[in-house]
Amino acid sequence: MLGDPARLVRKRPGSIRFGNPRNYRNIWYTSPTMQDRQADFVEAVGQHLAAQGLPRMAGRIWAWLLICDPPQQSAAQLAEQLQASRGSISDSARLLSSAGLISRTTRPGDRREYFSVPPGAVATLMQARLPSVVAMRRLMDAGLSLLEDRPADQRARLHEVRDVYAFFERELPAMLERFQRERAES
C-alpha cells in the first residue's frame, strides 16, 4: 500500500494506482496536515497557472506558500505537503524565484533553503512587465507604419492590438501606484 488510509482524501482522475491491476482504484493523497479545502485551493491555483503557461507544480508551490504556516518552507517540507519529488520542487522553485514570486532564504547554522512569498511580489512582477508592454506597443507602432498606405479596415487588427498595449502602458503605472497607496492606508 502506498500510504496510510488516513491520508486518503478523495478519488481524483489520473491519480496514483495501487493494488490488484484488475481492480485499480484511483486515489488522491494529501499530506497529513493539509486539509481538504487547502488541497483543493492548491490544486485549483496550480491548474489555473498551468493554463497560463506555467508548470502546474509551480502554481501548486506558490499557492501552498500563500496559505501555509509557517510561511517559510524548506524543499523537503514542500515535497511532503505537495506529495512531489524534490527535483520537481527544485525546478519549479527556481522558476518562481527568477520571476520574483517567491524568495529563497537561509538560516544561520542551517544549510537548507527556505521559500516564501515576499510582500509585494505580484505588484513587483507587474511593474517588471511594464518594459515588455512598452516594447510591444513600439513594435505595433512599427507595424502600423508599414501599413500606413493601406485602408483603415486593413490596419484595424494591428491598431486594436497597439491600442491595448498603449492603454496598459499608460494605465498600469497609475494602477500600481493607486494599489500601493490603498494598501498602505489599510
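FYI, it's all coordinate maths here, none of it is from the lab. Quick caveat, the model's predicted, so the values are computed rather than measured. Cβ: placed from backbone, ideal geometry, glycine included. Neighbour counts: every protein chain shown.
Across the Cα atoms of the stretch 59-186, what radius of gyration and what greatest pairwise Cα-Cα distance (Dmax) are found, in Å?
Reported Rg and Dmax, both Å: 20.9, 69.
Among Leu130, Gly143, Thr106, whose Cα projects farthest towards the positive end of the dipole of the stretch 90-168, with charges put on the beta-carbon of Lys, Arg (+1) and Asp, Glu (-1)?
Selected residue: Thr106.
For a protection proxy built on the mean count of beta-carbon atoms within 10 angstrom, sort 53-66, 91-104, 112-125, 150-163 highest first, please. Intermediate values should be presented prior to the final figure.
On the way: 53-66: 21.1, 91-104: 17.6, 112-125: 15.3, 150-163: 12.4.
The peptides rank, most packed first, as 53-66, 91-104, 112-125, 150-163.
Select from Gln77, Ser92, Ala50 the residue farthest towards the positive end of the dipole of the stretch 36-116; place +1 on Cβ of Lys and Arg, -1 on Cβ of Asp and Glu, and compute about the Cα centre.
Of Gln77, Ser92, Ala50, it is Ser92.
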